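Novice: Pasting in a structure now, in structure tokens, and then I'll have a few things to ask.
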Number of protein chains: 4
Amino acid sequence: MKALRWYGRKDLRYEEVSEPSPGPGEVKIKVNLAGICGTDLKEYSSGPCIINGDDAPVTIGHEFAGVVVETGKGATAFSPGDRVSGVGYWVCGECYYCKRHMYNVCSNLLFTGLHKNGCMAEYLVSPEYALYKLPDSVSDEAGSIVEPIAVAVHAVKIGKVALGDKVAIVGDGIIGLCTLLAVKAAGASEIHLVAKHKGRGERTLSMGVSTVTYLNDGDTIQKVKELSGGLGVDVAFECVGHPDTPQMTLDLIRNGGTAVIEGVFDKRGEVDFLSVMYNQKTMIGSPIYVDEASTAISLLADKTIDADTLITSVVPLADAVEEGFEKLLTNKEDNIKVLLKVAPDR
Amino acid sequence: MKALRWYGRKDLRYEEVSEPSPGPGEVKIKVNLAGICGTDLKEYSSGPCIINGDDAPVTIGHEFAGVVVETGKGATAFSPGDRVSGVGYWVCGECYYCKRHMYNVCSNLLFTGLHKNGCMAEYLVSPEYALYKLPDSVSDEAGSIVEPIAVAVHAVKIGKVALGDKVAIVGDGIIGLCTLLAVKAAGASEIHLVAKHKGRGERTLSMGVSTVTYLNDGDTIQKVKELSGGLGVDVAFECVGHPDTPQMTLDLIRNGGTAVIEGVFDKRGEVDFLSVMYNQKTMIGSPIYVDEASTAISLLADKTIDADTLITSVVPLADAVEEGFEKLLTNKEDNIKVLLKVAPDR
Amino acid sequence: MKALRWYGRKDLRYEEVSEPSPGPGEVKIKVNLAGICGTDLKEYSSGPCIINGDDAPVTIGHEFAGVVVETGKGATAFSPGDRVSGVGYWVCGECYYCKRHMYNVCSNLLFTGLHKNGCMAEYLVSPEYALYKLPDSVSDEAGSIVEPIAVAVHAVKIGKVALGDKVAIVGDGIIGLCTLLAVKAAGASEIHLVAKHKGRGERTLSMGVSTVTYLNDGDTIQKVKELSGGLGVDVAFECVGHPDTPQMTLDLIRNGGTAVIEGVFDKRGEVDFLSVMYNQKTMIGSPIYVDEASTAISLLADKTIDADTLITSVVPLADAVEEGFEKLLTNKEDNIKVLLKVAPDR
Amino acid sequence: MKALRWYGRKDLRYEEVSEPSPGPGEVKIKVNLAGICGTDLKEYSSGPCIINGDDAPVTIGHEFAGVVVETGKGATAFSPGDRVSGVGYWVCGECYYCKRHMYNVCSNLLFTGLHKNGCMAEYLVSPEYALYKLPDSVSDEAGSIVEPIAVAVHAVKIGKVALGDKVAIVGDGIIGLCTLLAVKAAGASEIHLVAKHKGRGERTLSMGVSTVTYLNDGDTIQKVKELSGGLGVDVAFECVGHPDTPQMTLDLIRNGGTAVIEGVFDKRGEVDFLSVMYNQKTMIGSPIYVDEASTAISLLADKTIDADTLITSVVPLADAVEEGFEKLLTNKEDNIKVLLKVAPDR
């Protein structure tokens, strides 16, 4: 079968590999669509980051929609023909955290498309527990963004966003935008986006955002505070991963508020601990998801979240590097979520 | 009357001032004992920190026990003769936070002994809402440490320490030690202290601590993790105020755990945001207290907390600089809480 | 001015009374529209319930939209000409609960239209803290249902409904339907209504409900469990007030789930405590609101909640008894929220 | 081996049975001491309650301390010679609740000594996950009451008792008294016991109780309210199981407070739902425990809880009926926890 494989930085190859076979508890899926995630992009442009270089080559990708074609021993929840989406974790099921349903911080976590061969290929093998059936009301296009929406739903739950809360989001990447949509779905009364790119910021005006300011506006913190009533918001989400944005996110919240960290960071950054202490502020990290993909699917099913607002193009898997990865790197204004069409005849 | 007044760094003067008079809602107290707090020490050694230099001179001190001698207009909760202790805040009662019982983050907070004349004087004037009656079972000595114990009780509540939790405390200052006692009172099953001074660390062996390690042990984080079962503790308290200790505190907690920041910081410090995010860790600041002084008094009343384990000496107010401030600066091994005897004849 | 006054059961009189004048901290409003609430209906059909009979006559009504015409001493938040809606509580501001922002359980709570003259009159006097400005995007019709939506928003927060939760609602009265809309706004993935009236049940199909069953279906509990996946829902809301519905609501939730009680009860009812204990179930009461009217207004402003789905007719205040109260009593299938037009020329 | 077996109401037989053998994941324990629980007593006096009558005869008992003598396949956490205590549940590990670490509400829960042969025998077989090593600092006597203390620790966590809370406990059975001890360990500032038996009520004066009133005092609710400051306590625990005590427990809490239900009920009882609703009160059930036995052991190890205050006698297993069950039924004043000595020569 054909697969897109990571060999090293700036070295993704579309090549022939052998088809995988499902082990016990695993399911084999014929992939229809695969999404390019910010992590994939980072591994391409400046990796290896999470990928272990010694594991190369590895088929990348962990966002997808497809159809079950074979089930491994003991995998009884799915049957061939089931339309599915899924998430990327492989968890041990035995550690302190897995026993407490905290799969997202499993002590032995592995990830599809980084440590295990991923979905930018004709066939994918996934553990059964990472798969979710797609109802008819969720298209494959929508199904292929279940994973990043699950990330956002988890962050919204970690941040305990309540009906009527004032919220700020720092970052306009796919996670920032999914968080915006999830926060809106949770009934926030105000959503203030701090964007980087004009093209993206303006696009969010149709997504329910209250105000858009920009990271390089100079006095962004003061502006957002004024726009939200003066004291700061109840909950703010850091969705950038730059060493300076967590403190900015803390500065956006009111006393007693919560800053949720979703970004992936290359290096440490500074925090004004005196302000954290004096103002009883909370900073909390939100890694991936536990079982929030089911919520993501229900939000897509009843159109609370409209996938079309995020998907900017669909290109053939064969053209992934030029039409997908490179365009996302060079033109963030116009490209948000690029899907790769894997199964051309469906 | 006599008072100890801050004129500047290393310039505390014991001198004659006029007696204060209680305004509306205020109460005048004849002070018996006053405690020297870490903040007082910092203002003496390297201030002005929180004190506004232009306000000097100001009578310092905000930990005390005394007797009510006069009540201002509308202050009906106390009568002359009542033995009282109290806390240091002056709050507006009108802001967003005060209306939500979050007096500790009042938008207009002032503090006794820093912005208002304090208790290291024969008489103190305090707002009624900052005072608490002392039962017979709480001595004046115990009453004079109600304030720092209230700080610790608030931190324990902010950290949501639950019966049976594993806890670590970073720092052996008075706030660290009070936090240790409050954590013990809340039923923690393990308390791991990371101390700075041998003299203090060893002293805590009688306070219910499980293990003591030292900040300069080299591999403190690994040691505490091993001593607590391998994964890290449920809740850890930062009680130092050094730029490096918050990250150490974060490193001591398990995935999903909470680091409570109690320290007062001169400068920013670094945080490993990637670790915070990946491991779903929480950092939360705990400023002073709301109404936890009543809990502090009840813990002292039934001897759940024994004040004698913290009080290392009682010296006359007149000798405060030499026998109190200087000894605390130069010999932290042997001096923990020094009380100043203000009313010699009681 | 003209007012609708409660003299006794089945005795509401539309008559001339003198205009009220705002006291300190109070505001005088020219009422445009007033809503008939389930409580009003109950006082009419079988009162006095909450009304103290000795206080009769009293002008009833506590749901309204209008315009500020005069402000009392110290009431500085509003100016003549401001379009406003409001809530019904008069709180003491001094008790244990008020100090903790729990105005809804104030020890000295009074209520507009029950203990104080209400809004079914040309002019209303209200405490300033119970009023909210209406933005241009909220019509007077929408503004007149802010109060019951605030009740529902509070219940959703008390029930801690999280994004993706499965929810059931028992009851199709105005509070049940407002709760349905608020639960939808909070991102529930499934909403199962247990209705009483076919006309109302069918009407909710356009409000985002997942399934509708009926109280007299016989095996309602089993049906709702099957429709929601077998275990029961995460949170269920009791919005009836019949002695049997709280236990039904408890039966609808999964182990560890929450039953929120919103109904107003004439008598006690039975609970299966063994089931509550064995299954770690929670029952919690949700009385009125604290400050959720502002969230209600923002939900109406951005059309997350569409007032038109609830308002079935608008009739002149003069015809309130025949066209409003009696129709709501005799035809619940077709009448949900009836508004009374007070100011005919606006 | 010898075992005490339940054949029916008032029919417990001390007789010879064959020794059990540990299956996969199971451990065989030589029992030293076994405690008589309220449930055991109820099965004896008026059963079958939880026991399925068709399963008789069944060896009863689920509170014990003993020594591991053999381990089944895959049971690697224990070795012969380990001193252990344990809890009574057998859980499926696969259901919705088990996956979320809510073993106490497992959909397929079975219980030692009720559905499975219990510990009132020379040997017991238990699943590995229900066993806990006893440190040297915990005697076998103390170890044999780990299970009821675990019940109480769970209830304290379910009730979210915080440092300084005011608490009431309704009931002076073993669960009521263990709850008292656990509440004290969690740092409650006031503990008000509503007892049934003078002998037990007076005994608690040495356990840290603040006040004792009696169920048949007539105006108990009013008394406890006055003793606790007037508004009611923050958290109250129902530990009786009588149809009337849950409402009494609700009446003891302040607005916004929590009533935890621990009792085992034969029949339903009435609740004043109007009061629950108006006063925003919470009722929550607390069934057994999840993993709180480890906390129970640590509380016993550092003497925060002193087992001797609960254990009133130790009698030979052969005399269990006359010296244990009958005495507990007929003289609750003097007998609280009766231990059965199973292994006479240790």
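Values in this text are rule-based calculations from the coordinates and carry no lab data. Since we're looking at a predicted model, the values are computed, not measured. Cβ sites come from the backbone with ideal geometry, for glycine too, and all protein chains shown count toward neighbours.
Novice: What angle do you read, to the nearest 10 degrees and between 0 and 90, between the alpha-carbon axis of helix C:174-185 and the longest principal axis of chain C?
Specialist: Approximately 70 degrees, to the nearest 10.
Novice: For the protein assembly as shown, what proportion of DSSP beta bridges, expressed in % and rounded to the nearest 5, is antiparallel?
Specialist: Antiparallel bridges make up about 55 percent of those DSSP assigns within the protein assembly as shown.
Novice: Is the shape of segment C:150-285 best called rounded, prolate or oblate, per the rule: a/c under 1.5 gives rounded, else a/b larger than b/c gives prolate, else oblate, with a ≥ b ≥ c the square roots of the Cα gyration tensor eigenvalues?
Specialist: It comes out rounded by the Cα gyration axes.
Novice: Pick from A:146, A:315, A:156: which residue has the top mean-square fluctuation in a GNM of chain A where Cα pairs under 10 Å get a spring?
Specialist: Result for chain A, Cα springs under 10 Å: A:315 fluctuates most.
Novice: Moving on. Once you have the Cα-Cα distance between residue A:2 and residue A:329, take 0.36 nm times their residue separation minus that, and quote the gain in nm to one decimal.
Specialist: That works out to 115.3 nm of additional length.
Novice: In addition: Taking residue B:225 as the anchor, which aspartates and glutamates have their alpha carbon closer than 17 Å to its alpha carbon, excluding any fewer than eight residues away along the same chain?
Specialist: B:165, B:190, B:217, B:234, B:238, B:251
Novice: Moving on. Quick one: Karplus J couplings for segment B:133-140, per residue in order, coefficients 6.51, -1.76, 1.60, θ = phi - 60°, nearest Hz, x for Gly and Pro?
Specialist: 5, 9, x, 4, 6, 10, 5, 5
Novice: Name the residue farthest towards the positive end of the dipole of segment A:27-72 from the options A:60, A:33, A:44, assuming +1 on Cβ of Lys and Arg, -1 on Cβ of Asp and Glu, about the Cα centre.
Specialist: The Cα lying farthest towards the positive end belongs to A:33.
Novice: Now a separate question. In square nanometres and to one decimal, what's the mean projected area of the convex hull around the Cα atoms of the protein assembly as shown?
Specialist: 52.8
Novice: For every helix of n ≥ 4 consecutive DSSP H residues, a contribution of -39,500 (n - 2.57) applies; sum these over the protein assembly as shown, divide by its total residues, and give [θ] at 222 nm rounded to the nearest 500 deg cm²/dmol.
Specialist: -6500 deg cm²/dmol
Novice: Something else: Measuring from centroid to centroid over Cα atoms, what is the spacing of segment B:261-287 and segment D:142-184 in Å?
Specialist: 34
Novice: Using a Cα-Cα cut-off of under 13 Å, which aspartates and glutamates could be cross-linked to residue C:267, ignoring same-chain neighbours fewer than 8 residues away?
Specialist: The reachable aspartates and glutamates, counting only those whose Cα sits under 13 Å from residue C:267, are C:244, D:270, D:272.
Novice: Once both labels are modelled 7 Å past Cα along the beta-carbon direction, what's the residue A:50-residue A:10 spacing in nm?
Specialist: Modelled inter-label distance: 2.4 nm.
Novice: Hey, what do the phi angles of segment A:84-93 turn into as Karplus ³J(HN,Hα) couplings, whole Hz, using 6.51/-1.76/1.60 and θ = phi - 60°, x for Gly and Pro?
Specialist: Once θ is set to phi - 60°, the couplings for segment A:84-93 become 9, 10, x, 10, x, 7, 10, 10, 7, x Hz.
Novice: Find every distance from the label point of residue C:52 to the corresponding label point in the other copies (7 Å from Cα along Cα→Cβ) and write them in nm, one decimal, shortest first.
Specialist: Result, one decimal in nm: 4.8, 6.0, 7.6.
Novice: Pick out which of C:195, C:186, C:307 has the largest mean-square fluctuation in a Gaussian network model of chain C, springs linking Cα atoms closer than 10 Å.
Specialist: Maximum fluctuation in the GNM of chain C, among the listed residues, is at C:186.
Novice: To the nearest 10 degrees, how steep is helix D:146-158 against the longest Cα principal axis of chain D, on a 0 to 90 scale?
Specialist: The answer is roughly 40 degrees.
Novice: Please work out the Cα center distance from segment C:308-334 to segment D:29-51, rounded to the nearest Å.
Specialist: 62
Novice: For a quick check, take a GNM of chain D with Cα springs below 10 Å and name the residue from D:54, D:306, D:291 with the largest mean-square fluctuation.
Specialist: D:54
Novice: Something else about it: I'd like the antiparallel share, as a percent to the nearest 5, of DSSP beta bridges with both residues in segment C:150-285.
Specialist: Expressed as a percentage, antiparallel bridges in segment C:150-285 total about 0.
Novice: A further question follows. Does segment A:1-47 come out rounded, prolate or oblate, given a ≥ b ≥ c as the square roots of the eigenvalues of its C-alpha gyration tensor, rounded meaning a/c under 1.5 and, failing that, prolate meaning a/b above b/c?
Specialist: Prolate.
Novice: Something else about it: Let me make sure I get this right: for chain D, a, b and c are the square roots of the gyration tensor eigenvalues over alpha carbons, sorted descending. Under 1.5 in a/c it's rounded, otherwise prolate if a/b > b/c, else oblate. Which is it?
Specialist: Prolate is the answer for chain D, as a/c is 1.5 or above and a/b outweighs b/c.
Novice: Follow-up. If each of residue D:319 and residue A:306 carries a label point 7 Å out from its Cα toward its Cβ, how far apart are those two points in nm?
Specialist: Placing both labels 7 Å along Cα→Cβ, they lie 8.2 nm apart.
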